[in-house]
Amino acid sequence: MTKNKNTYDALIIGGGPAGAAAGAILAEHGHKALILEREKFPRYHIGESLLPFTFQPLQRLGLIEKMRNSAFVKKYSVQFVSPSGKASQPFYFFNRYEQDVAQTWQVLRSEFDLMTLNDAREKGAEVLEETTVTELIKEGGKVVGVRARDKSGKAIDVFAPITIDCSGREAFAAVRNRWRVGDPELHKVAVWTYYKGAMRDEGIDAGATTVAFVPEKGWFWYIPLHDDLVSVGVVAEGKYLSRDGVKDPKQIFDREVIQNKWIEQHLAPGRQFGEYFITGEYSYHSKYCASEGLLLCGDALCFLDPVFSSGLMLALKSGIMAGDALHEAILARDFSPARFTEYGRLLREGIENMRKLVYAFYDQNFSFRKVTDKYPDLAGDITDCLSGDVNKDFSRLFAAVSEFAPVPDPLPYGLPLEKPEPQMQCA
């Protein structure tokens, strides 16, 4: 590969949390990284609640003090609410974790994502915004760069021995390589909006995430943000939300609000603010985490479900893991897919542990209370997995969960592709 101004140590598609984290780590290691971002930040994004174990990635990036000095709402707990409006005792993180981990945040993603992207810039990563990647450039099946288009429409070709796909739910590489597959059972639809002036609980409960149930295992999220804003959305099977032929997001949302008294009461003093959003079929996996010249991160690799707020934690974690793995690859001058086997294994282990709890959550016969009533000593394992401490042995927990709901087998995805598949021969 000819060295010129368009050649980098690594290219990163997407400047969201995964891409920003990967770029920051590579720049810290002294490598020349280019982040290509389609939009101009700040920009809107959903996925606003941080798990306690997001602390470690934020600490690695050196962002804890910025978070503490920010306007982001402090989050100490999660609570569950029945359709009748009866709320559980909040699950306080400080009952299990030290102070640093026990308090996390609810973030406005436009501000949080700008903070992480600026952090990558400050550490030395180059960032091109309003630049849309249109094509992976391949030589003999190996990705050697990308073709992009800037806001004026001018084509740009840039090159590197490795490209990191952090394109989020667009899953740029997985879609083009036909690696993207839906989850066998997770086929939910989400409808959401924002309110100003809605009710908040008092004291340290003011920033709690609330999961409020509606019929047929549907549920609302209720996430208090700063500037008197609340993110609120409903998630359920599409056939439930679109019953009686209703497809308008506002009509669906308004109908479901009255299905849960707590949600209805908390929204009553507020006013709806901004758009109504709807998305479906958002649960997917990439068959592979890497191939020749390519590595996948964050939502570009997998997205499970919003119920346990795992997406943002996994994005930051995978971005940092990718940055470190690529640092070692650059030093060794070895970018073979096999180098990323452990990267893929660790990410899939965490994803599969969270996936088992998501499946159980949606089962009609399951509740965490049933498990902890029978096995009180497993409450800590449940808390750990739901808090983002996902890379540990949960075999006892899932043996117990299987007494109340089917536990899915791991999906055979997520390791590197060491030999190109036939359909990958054409770009």
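So here's what we get for this one:
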{"item": "Cβ crowding within 10 Å averaged over residues, with 372-385, 288-301, 199-212 ranked highest first", "result": "288-301, 199-212, 372-385"}
{"item": "Heavy-atom surface of segment 192-318, accessible at 1.4 Å and reported per residue (Å²)", "result": "35 Å²"}
{"item": "Calculated [θ] (222 nm, deg cm²/dmol) that DSSP helices of n ≥ 4 give over the chain, each run adding -39,500 (n - 2.57)", "result": "-9000 deg cm²/dmol"}
{"item": "For segment 208-285 versus segment 82-143, the gap between their alpha-carbon centres in whole angstrom", "result": "22 Å"}
{"item": "Segment 67-78 - phi-based ³J(HN,Hα) in whole Hz, Karplus 6.51/-1.76/1.60, Gly and Pro as x", "result": "5, 5, 8, 7, 8, 4, 6, 6, 10, 10, 6, 10"}
{"item": "Carbon and sulfur %, accessible surface of the chain computed with the full protein complex present, 1.4 Å", "result": "51 percent"}
{"item": "Segment 19-119: mean projected area of Cα convex hull, nm²", "result": "8.2 nm²"}
{"item": "Globularity index of segment 270-338, i.e. its alpha-carbon radius of gyration over 2.2 N^0.38 Å", "result": "1.51"}
{"item": "Sorted peptide list for 16-25, 165-174, 332-341, 62-71, criterion being average Cβ within 10 angstrom, highest first", "result": "16-25, 165-174, 332-341, 62-71"}
{"item": "Unit charges on C-beta of K, R, D, E only; dipole of the chain, Debye", "result": "560 debye"}
{"item": "Spatial extent of segment 314-361: Rg and Dmax, with the Cα atoms as the point set, Å", "result": "13.3, 45"}
{"item": "Mean Kyte hydropathy of -0.5 or more with a Cα span along the axis of at least 18 Å, helices from DSSP in the chain", "result": "311-332, 341-361"}
{"item": "Orientation-averaged projected area, Cα convex hull of segment 71-173 (nm²)", "result": "11.8 nm²"}
{"item": "Diffusion coefficient, µm² s⁻¹, Stokes-Einstein with Kirkwood Rh over alpha-carbon pairs of segment 143-271 at 37 °C and 0.692 mPa s", "result": "182 µm²/s"}
{"item": "For segment 86-143: Kirkwood Rh in Å [reciprocal of mean 1/r, alpha carbons]", "result": "16.3 Å"}
{"item": "For peptides 306-315, 391-400, 253-262, sequence by mean Cβ density within 10 Å, most packed first", "result": "306-315, 253-262, 391-400"}
{"item": "For Phe303, net neighbour charge (Lys/Arg +1, Asp/Glu -1) across residues whose Cβ lies under 13 Å away", "result": "-1"}
{"item": "Per residue value of the accessible surface for segment 1-52 (all protein chains in place, 1.4 Å probe), Å²", "result": "36 Å²"}
{"item": "Fraction of beta bridges assigned by DSSP in the chain that are antiparallel (%, nearest 5)", "result": "75 percent"}
{"item": "Semi-axis lengths, Å, segment 10-66, gyration tensor of Cα atoms, sqrt of 5 times eigenvalues", "result": "20, 18, 8"}
{"item": "Kirkwood hydrodynamic radius (C-alpha pairs) into Stokes-Einstein, the chain, 25 °C and 0.890 mPa s, D in µm²/s", "result": "110 µm²/s"}
{"item": "Alpha carbon Rg of segment 333-427, scaled by the compact-globule rule 2.2 N^0.38 Å", "result": "1.39"}
{"item": "Under-5 Å amide H pairs with Val144, H placed in peptide plane, nonlocal only", "result": "Ile137, Lys138, Glu139"}
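The values are calculated or read from the model by the stated rules, or taken from the named source; none is laboratory data. If you're wondering where the values come from, they're calculated on a predicted model, not measured in any experiment. Quick reminder, even Gly has a Cβ in these numbers, built from the backbone with ideal geometry, and neighbours come from all protein chains shown. Note: accessible area is taken over every heavy atom of the protein model, side chains too, but ligands, DNA and RNA are not part of it. Shrake-Rupley method; radii C 1.70, N 1.55, O 1.52, S 1.80 Å.
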